[in-house]
Amino acid sequence: MQKTRLESLPVSRVRDTSEVIAGRPGAPSGLVVALGLVLAVFLVWELLTRLLAVPVYILPAPSRILQTLAQNGQVYLEASLLTLGEAALGLVLGATAGTGIALLLGLWPRLEQGVMTLAILIKSTPLVAVAPLLTIWLGFGVLPKIIITGLLTFFPVLVNMLSGLNTADPARLDTLRSWHASRWELLRFVRLPESLPYFFAALKVSGPLALIGAVVAEWTGASGGLGRLMWLAYTNLNLPYLFSAVFILSTAGILIYSGIQWVERKLVFWEG
Amino acid sequence: MNIQLHQVSYSYPGRGQKSFQALRPIQLSIRAGEFVALIGPSGCGKSTLLRLVAGLLQVREGKLLLDGAAPLHALARKKIGWMAQSPALMPWRTVIDNIILAQKINPQPDGQRLSAEELLEMVGLEKFRLAYPHTLSGGMQHRVALARTLALGAPLWLMDEPFASLDELTRENLSAEVLQLWARFTPTVLWITHSIYEAVQLADRVLVMSPSPGEIVADVRLELPRPRLENTRGYLAQVTRLRRYLRSNPGERGIQ
């Protein structure tokens, strides 16, 4: 009797420790939990707005927002493509500048204090003050949006890359030095690959920030994009329109974050 | 490659005026092809001495010569094989690429340089040439690091407790392989260890260092035939002798 009880324990089903850490086999995955939570929030939101009869110009119900989205599909699609494009280009600009400056400081550490002071100065300048200026100087096109997004996203990349480059394993560096490697070779073969996880950590912060950058920049004056739609909706107190844009931005933020995470797992395969 | 140290001492620059003396003046001569073990309490300056020989630290006091030239000169001419306690492999490169990297950074062929494939075969890992280091066991990673240390065909191997993090059985196996490789390539070896047994197992000569700031308090030549068996009288006598030197005060000199 006791023997059968022992055998019925599901020990053999656990194949490796990662399965134990991730939870029991058959437990709901992270994605299912997340979707469930979002749905629950929407459900409560929907019920509250209906039960309390909240006017649509104060808080529209999720069903009303989705209806607005469906009815204006073409408008939102065009605006989204523009804003996402600006955010993507701005992020490329910011990440390239951040990485580039970090590499320069990695090769010539003496420059670090001066350059970092300048970087912090740029970082701490309020964007809402800079954005209208750039619009005045550069017009209503996409260029000022890309620049603003770049300014917003370069700092996390710079700071993280600098940490990454400076925390390279001393034993690896010694090994390369014992081969008489140059400063550039140390950077290329050890410090740069070792900072890759830091780069992705920065992108996960900067990716969603890029969306905010593009929208804030559009808010201060633009010929199109989700920011402009939001601004128009806001001035007309058309809250379903405003929330529709917010829905799109939130979804895009999650997708960008997940996308970055996916690429990270492919490229930084040796960690975790 | 022979190693000559004339009154070499070393102090690490500290903050402000204070500096930390790691080594007292050291006078030492090592012949080409000798297998020398360096033992001493932790923090006594063993690694500092090894780094000075490797040219990873600059000699500022005294004179250090490798075949009559300064270490940096030897380094530039790829005459040093370096191995540290951690295998320090590049986890983003395959096993074979880790070895090739050494030869890529030092492109000129150095006489009898072996190919990366031959080196892997020597340490018995030819089947794992395309594996990534994190998929290998600790012992296998150290084998790769060992193969990489030989990749430049250097006549001087500087080993900083290379197998200290491994279990005993793996360490014994790898030590036996190192002895075979040493017999085949006849390099000069300077091997740091904190294990008296490892020193007696491997070396022709054992240098015992005092606590910090380190100096050499005993220079013991081991005239034991190989392979050395742990339970023989000669072996145990040497272990006892070295232990006595290690326990002696730093002021008491026991140079043979």
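The values are calculated or read from the model by the stated rules, or taken from the named source; none is laboratory data. Please read all numbers here as calculations on a predicted model, not as lab measurements. For neighbour counting, all protein chains shown are included, and Cβ atoms are generated from backbone atoms with ideal geometry for every residue, glycine included. The area values use the complete protein model at the heavy-atom level, side chains included, leaving out ligands, DNA and RNA. Shrake-Rupley method; radii C 1.70, N 1.55, O 1.52, S 1.80 Å.
First measure r as the distance between the Cβ atoms of B:Tyr197 and A:Gln113, then evaluate 1/(1 + (r/R0)^6) with R0 = 60 Å and state the FRET efficiency to the nearest 0.05.
0.75
Note on the range B:85-135: dipole from Cβ charges, positive end direction compared against B:Ala102, B:Met122, B:Tyr132; the farthest Cα belongs to B:Tyr132. With a 1.4 Å probe rolled over the protein heavy atoms of all chains, the accessible area of A:Arg177, B:Arg51, B:Arg247 falls in the order B:Arg247, A:Arg177, B:Arg51, largest first. For the range B:21-84, relative contact order (Cα pairs under 8 Å, six or more residues apart, normalised by length) works out to 24 percent. With all pairs of different C-alpha atoms in the average, the Kirkwood value for the hydrodynamic radius of chain A is 22.2 Å. Here the Gaussian network model covers chain A, with springs between Cα atoms less than 10 Å apart; of A:Ser29, A:Ser223, A:Ser80, A:Ser29 fluctuates the most. Ranked by solvent-accessible area (1.4 Å probe, protein heavy atoms only, all chains present), the residues B:Lys46, B:Lys104 order from largest to smallest as B:Lys104, B:Lys46. For chain A, modelled as a Gaussian network with Cα springs under 10 Å, which listed residue fluctuates most, A:Leu35, A:Leu47, A:Leu211? The residue with the greatest mean-square fluctuation here is A:Leu35.
Simple spin-label estimate for A:Trp184 and A:Lys266 gives 3.0 nm between the two label positions (7 Å along the Cα-to-Cβ direction from each Cα). Which value, in Å² rounded to 10, gives the accessible area of A:Val32 with a 1.4 Å probe and all protein chains present? Ignoring ligands and nucleic acids, A:Val32 comes out at about 90 Å².
Here the peptides B:230-243, A:229-242 are ranked by packing, the mean other Cβ count within 10 Å, and the order with the highest first is A:229-242, B:230-243.
Sorted by accessible area with a 1.4 angstrom probe, largest first, how do B:His194, A:His180 fall?
From most accessible down to least: B:His194, A:His180.
Spherically averaged projected area of the convex hull of Cα atoms, the protein assembly as shown: 38.1 nm².
Normalised by the number of residues in chain B, the average gap of Cα pairs under 8 Å and 6 or more apart makes the relative contact order 26 percent.
Where a ≥ b ≥ c are the square roots of the eigenvalues of the C-alpha gyration tensor, would you call the range B:71-198 rounded, which needs a/c under 1.5, or, failing that, prolate if a/b is larger than b/c, or oblate?
In terms of gyration-tensor shape, oblate.
The string of couplings for the range A:150-164 from the Karplus curve (6.51, -1.76, 1.60, θ = phi - 60°) is x, 4, 6, 9, 6, 5, x, 5, 4, 5, 5, 5, 4, 4, x Hz, one whole number per residue in order, with x for Gly and Pro. When the surface is traced with a 1.4 Å probe over the full set of protein chains, B:Leu246 keeps roughly 60 Å² accessible.
A probe of 1.4 angstrom, applied to the heavy atoms of all protein chains, finds A:Lys123 with accessible area near 110 square angstrom. Of all lysines in the structure, those lying under 17 Å Cα to Cα from A:Lys145, and not within fewer than 8 positions of it along the same chain, are A:Lys123. When the P(r) of chain B is calculated, the portion above 31 Å amounts to 25% of the C-alpha pairs.
Here the sum of -39500 (n - 2.57) over DSSP H runs of 4 or more residues, divided by the residues of chain B, equals -10000 deg cm²/dmol at 222 nm, to the nearest 500.
As a length-normalised measure over Cα pairs under 8 Å and 6 or more apart, the relative contact order of chain A settles at 24 percent. Straight-line reach from A:Lys266: taking Cα to Cα under 29 Å and skipping same-chain neighbours fewer than 8 places apart, the lysines in range are A:Lys204, B:Lys104, B:Lys127. Taking amide hydrogens as placed 1.01 Å from N in the peptide plane, the amide H of B:Trp82 sits under 5 Å from those of B:Leu158, each at least 5 positions away in sequence or on another chain.
Computed from phi, the 3J(HN,Hα) profile of the range B:86-99 under the Karplus parametrisation 6.51, -1.76, 1.60 (θ = phi - 60°) reads 8, x, 6, 7, 8, x, 8, 10, 5, 3, 5, 5, 5, 6 Hz, with x in place of Gly and Pro. Taking every DSSP helix (H) stretch of at least 4 residues in chain A, weighting each as -39,500 (n - 2.57) and dividing the sum by the residue count yields a mean residue ellipticity at 222 nm of -25000 deg cm²/dmol.
Applied to the range B:218-230, the Karplus parametrisation 6.51 cos²θ - 1.76 cosθ + 1.60 on θ = phi - 60° returns per-residue 3J(HN,Hα) values of 8, 10, 10, 8, 9, 9, 10, x, 9, x, 8, 9, 4 Hz, with x for Gly and Pro.
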